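The values are calculated or read from the model by the stated rules, or taken from the named source; none is laboratory data. The structure displayed is predicted, hence computed values, not measured ones. Every residue, glycine among them, receives a Cβ derived from its backbone with ideal geometry; neighbour counts consider all protein chains shown.
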Amino acid sequence: MSQASPLITFCNWFSQLVVMNLCWMLMLVLGAGVFGVIPATSTLLLIFRRFMNKGNKTGLTDFFCEWCKELVVSNVVGLPIILMMFSLGWYLHWALGSDTEILQLLSLAILPLLAFLMMLLSASILQGSIFRASAKQRWRLALSLLRSHPSLPFTLILVSALCVLVGLFSPIVFLLFGITPAALLVLAWYIHKFPDLNKSN
């Protein structure tokens, strides 16, 4: 069987990145933003991994079906983390704006906790895209990933933030690609760390 030309391979990847990003945005809207972002991101990573392993293109129907499976369990895991982050962030904003210097200094102790919660959320999304598990098991898997390979969830956060930053300056680029570059990078690194994922669905 002849190998596909580099141009065809590039076009396949380009088109799939755009399709997956549009699906991600649609599921984000369908979930009213806050309820859609976590399952949509987990589904994006899952569909992306399948495409990387098997080269099968995926459309809206496949994405929607997987998103529905993720909708409840992903939010059960992720929404409490987001709520804690919002609460701590609000308190940090209030404390830094106060006139009491001691309160301002003590509020800085919240920053490491916020960073940990953000890493935990990223790890739970990443692990949820790899393992079809219950909410309780995903918490354990996320904590395990943070202990063994904290660079993976950190990379997902960092590159996703860079993608959003690029989107602020070029909305067209974000509309086409969104956070798919972050998904591509972190999944390639994850598969490098765990080669058995090449054989999984």
Looking only at the range 115-134, which residues are at pLDDT below 90 and surrounded by fewer than 17 Cβ atoms within 10 Å (Cβ to Cβ)? Phe131, Arg132, Ala133, Ser134
Looking only at the range 50-75, and only at residues there that are modelled with pLDDT under 85 and assigned to a helix (DSSP H, G or I), the one that is surrounded by the most Cβ atoms within 10 Å (Cβ to Cβ): Phe51
In the range 1-44, the residues that are in contact (Cβ under 8 Å) with a residue 40 or more places away in the chain, among the β-branched types (Val, Ile, Thr) and either in a helix (DSSP H, G or I) or out of contact with any helix residue (DSSP H, G or I) (no Cβ under 9 Å at 6 or more places or on another chain) (or both): Val18, Val19, Ile38, Thr41, Thr43
Of the residues that sit in the range 76-114 and are modelled with pLDDT under 90 and aromatic (Phe, Trp, Tyr), which one is nearest to Val34 (Cα to Cα)? Trp90
Output for Cβ contacts, cut-off 9 Å, separation at least six or different chains, first residue under 22 Å from Leu88 (Cβ atoms) in the range 110-135, second loosely packed, with under 15 Cβ neighbours inside 10 Å and at pLDDT below 90, reads Ile110/Gly89; Ile110/Tyr91; Leu114/Gly89
Scanning for something over 18 Å from the mean Cα position of the chain (by Cα) and not aliphatic (A, V, I, L, M), does the range 115-125 turn up at least one residue? no
What are the residues in the range 39-96 that are of a type in the set (Ser, Thr, Tyr) and within 15 Å of Ile130 (Cβ to Cβ), if any? Thr41, Ser42, Thr43, Ser74
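Pick from Leu28, Leu60, Leu79, Leu88: which is over 17 Å from the mean Cα position of the chain (by Cα), within 30 Å of Ile110 (Cβ to Cβ) and of a type outside the set (Ser, Thr, Tyr)? Spell out the reasoning first.
Working: Leu28 fails: over 17 Å from the mean Cα position of the chain (by Cα); Leu60 fails: within 30 Å of Ile110 (Cβ to Cβ); Leu79 fails: over 17 Å from the mean Cα position of the chain (by Cα).
Among Leu28, Leu60, Leu79, Leu88, only Leu88 is over 17 Å from the mean Cα position of the chain (by Cα), within 30 Å of Ile110 (Cβ to Cβ) and of a type outside the set (Ser, Thr, Tyr).
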